[in-house]
Amino acid sequence: MSPRRPSVNEEMRRRSQERLLLATVELVEERGYEATKLGDIADRAGAARGLVSYYFPGKRQLLQSATHRLMHQELAAALERDPREICGRERLARAIDCVLGLASRHPVLMRAHMAGILQEEGFMQCPEQQRLAALLRDSVAGWGSPDPESDYRMLRALLMGAVFAQLLPGAPMPSSLLRAELFQRFGLEWFRGVPPGGEPPGVTPLFRGGQR
């Protein structure tokens, strides 16, 4: 039997990693982070248990990569839905709405993800996070930012804070209020993206930065 081509091996590795990331999301949402073991993730993914440690340094890193992959997939879908030919303001509005919605669509996963970022290991970059960052950076660039890198970092910080505020046990903030503040910060009209019903809660958009 002839050896497999490198491209075939690479594709097999990619699929193995994707199965592990998907299994992590499923199990953490079903059981919570602490009750999810690496062996359970490997079993759910149909992979050898040694592969988890081969691809990922630990469970926290695996969770961050899995969460970033999910965020990237949902954000890409939001930006690509019809109509696809949209202005920069609409693109940024969709991005904000998508990330804010993650807290309500995946509360257990996002709470574990945010808790992990606050641990000693902190925020870790990985290929999945870089793909997510590229979409958010493109969104602020299309919005008309004169400094996309700085505005991307600000957007990331504001979105992380808004997700945390929605998930804060005992004192969660309503997503509509957080959305209004973010839309005001970036001068976006309330009707863009996927607005909740009704009018914005007492915030008038500032329309900073001219036409976009």
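A count restricted to the stretch 78-111 and to residues that are part of a helix (DSSP H, G or I), modelled with pLDDT of 95 or more, over 19 Å from F183 (Cβ atoms) and not basic (K, R) stands at 4. Taken together, the residues in the stretch 142-161 that are without any contact (Cβ under 8 Å) to a residue 12 or more places away in the chain and in a helix (DSSP H, G or I) amount to 7. Among the residues of the stretch 6-53, those that are closer than 20 Å to P127 by Cα, of a type in the set (S, T, Y) and surrounded by 12 or more Cβ atoms within 10 Å (Cβ to Cβ) comprise S16, T24, S53.
The values are calculated or read from the model by the stated rules, or taken from the named source; none is laboratory data. As the structure is a computational prediction, the values presented were derived from the model and not from experiment. Cβ sites come from the backbone with ideal geometry, for glycine too, and all protein chains shown count toward neighbours.
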